[in-house]
Amino acid sequence: MRRVVSLLALFCGVVVAVCAQIPHPQNAGAQNQAPAGSSAGAPAGAEAVPTPTLPPVPHETLISGVWREGKAVFSDVELLDIFTPYARGYKPEQPIKFNHRIHVEKNHMECQYCHSSVSKSSVASIPSTELCMGCHKLVRTDRPDIKILKDHFDKQKPVEWEPVNNLPEHAHFNHERHVKGGVGCQSCHGLVQKMDVVEKVSSLKMGFCVSCHRDRGVTIDCAACHY
Ligand code: HEC
Ligand code: HEC
Ligand code: HEC
Ligand code: HEC
Ligand code: HEC
């Protein structure tokens with residue numbers, strides 16, 4: 001079912017993508033004009049000079065990309081996501097009440113101690129029960145959640161953590177590239193170190209990805225993310 005919906009969405013998106021290649025009448029020729037009202041603070045008689053907030057993007061890039069000002073259009077509509085795991089603010093209950101604030105902020109553990117493949121592979125990985133038990137053989141062994149953890153460990157059964165951040169199948173993301181490129185976890189996941197329960201902070205929509213890529217001069221070639 002999800003596959004059908006995602007294919008349907010892809011199809012609609014392509015239609016919109018193609019339409020978006022046609023210059024919008026309001027954009028055509030209006031690129032160098034300051035928006036109305038922006039010259040309010042300028043000295044009288046001086047010509048209104050638009051203050052660019054983004055580095056200039058070559059025109060060819062703008063028209064070959066779907067998203068003109070680095071802001072996505074159709075695929076960024078989040079309304080349809082509200083009741084799905086793609087919604088911002090999605091915060092599923094986990095089988096064990098693992099708490100990032102306690103481990104990271106209070107006990108100063110590094111993200112990569114647990115998410116150890118994040119700088120070596122496309123996925124960040126969730127730690128095994130062995131890693132948890134390295135401490136919890138001794139720490140807080142009387143607590144109900146640690147008993148559940150120990151039970152999984154004894155039976156060699158992985159904990160079925162509920163995924164929080166998800167991309168549809170047609171889009172590919174790679175952690176290693178971002179970590180090596182110096183993009184911090186927080187740019188996409190927010191202040192995880194302060195979260196009692198992890199929640200999805202960014203939309204992870206195409207416009208979110210592409211606008212940062214534009215700002216930093218990284219590729220916005222469709223095939224980089226869709227293959
Ligand atoms: C002690 C181990 C540990 C440390 C340290 C840790 N995490 Fe986690 N992390 C987990 C576990 C276990 C889960 C899965 C359960 C959950 O979602 O709370 C998780 C889940 C996540 C998720 C959600 C995964 C998903 O399904 O989308 C993100 C994002 C995340 N961690 C980021 C971070 C960041 C950023 C840091 C450092 C600031 C960090 N983690 C430090 C163990 C850890
Ligand atoms: C480096 C040691 C260490 C590792 C590794 C570790 N923890 Fe912890 N954990 C602690 C400490 C210390 C506390 C108690 C923190 C406090 O209360 O200040 C704690 C507390 C907890 C609690 C809260 C228990 C309670 O009810 O008070 C849970 C649940 C928990 N950890 C689960 C996990 C899971 C799941 C993992 C593996 C993903 C993990 N921990 C990995 C050290 C660790
Ligand atoms: C540029 C944005 C971005 C950055 C930076 C980023 N992530 Fe992610 N993260 C994502 C996306 C997108 C997903 C969902 C991937 C998917 O569904 O294919 C994800 C998924 C995850 C997951 C769950 C699935 C998995 O890959 O195992 C964890 C855990 C996670 N991230 C941790 C981290 C940690 C830790 C860091 C920093 C070292 C980090 N992320 C940096 C965007 C990012
Ligand atoms: C906060 C900024 C930022 C965000 C948000 C971001 N990226 Fe990136 N991305 C980068 C940077 C910087 C690089 C280049 C890293 C390097 O130097 O290799 C990169 C590289 C990539 C690459 C490799 C490109 C290549 O040259 O082959 C892919 C694929 C990619 N990102 C996908 C995504 C996807 C998918 C998302 C959204 C879920 C996303 N990115 C969100 C900053 C970002
Ligand atoms: C930096 C990564 C990145 C690049 C480059 C990129 N996309 Fe995407 N695209 C995504 C992500 C992530 C999604 C999933 C967003 C979502 O959940 O709706 C997506 C979704 C889509 C969709 C589905 C829209 C929807 O509503 O579901 C279409 C169609 C699409 N992209 C076409 C393109 C085309 C055409 C290009 C080249 C001009 C392109 N993409 C370039 C990351 C990218």
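Which ones in segment 192-227 are touching an Asp or Glu at 6+ places or on another chain (Cβ under 9 Å), more than 11 Å from ligand 5 (Cβ to nearest atom) and in a loop (DSSP other than H, G, I, E, B)?
Listed by number, the list holds a single entry, V197.
Which of the residues belonging to segment 109-130 are farther than 16 Å from L149 by Cα and near ligand 1 (Cβ under 9 Å from one of its atoms)?
The answer is M109, E110, C111, Q112, Y113, H115, V118, A124.
When you scan segment 174-191, how many residues do you find that are part of a loop (DSSP other than H, G, I, E, B) and surrounded by 15 or more Cβ atoms within 10 Å (Cβ to Cβ)?
2
So, in segment 153-175, exactly how many residues are farther than 21 Å from M109 by Cβ and within 10 Å of ligand 3 (Cβ to nearest atom)?
Of the residues in segment 153-175, 9 are farther than 21 Å from M109 by Cβ and within 10 Å of ligand 3 (Cβ to nearest atom).
If the Cβ limit is 7 Å and pairs must be 6+ apart or interchain, which residue in segment 200-225 that is loosely packed, with under 13 Cβ neighbours inside 10 Å pairs with which residue that is of a type outside the set (V, I, T) and modelled with pLDDT of 90 or more?
T219/H213
Taking the condition within 15 Å of K91 (Cα to Cα), of a type in the set (A, V, I, L, M, F, W, C) and within 10 Å of ligand 3 (Cβ to nearest atom), does V197 pass?
no
Taking D145 and the conditions (1) surrounded by 13 or more Cβ atoms within 10 Å (Cβ to Cβ); (2) under 24 Å from the mean Cα position of the chain (by Cα); (3) more than 10 Å from ligand 1 (Cβ to nearest atom), which numbered condition does it fall short on, given that it satisfies the others?
Of everything listed in (1) surrounded by 13 or more Cβ atoms within 10 Å (Cβ to Cβ); (2) under 24 Å from the mean Cα position of the chain (by Cα); (3) more than 10 Å from ligand 1 (Cβ to nearest atom), D145 misses just condition (2).
The values are calculated or read from the model by the stated rules, or taken from the named source; none is laboratory data. Predicted model, so just to flag it, every value in this text is computed and none were measured. In this analysis, Cβ positions are derived from the backbone assuming ideal geometry, glycine residues included, and neighbour counts consider all displayed protein chains.
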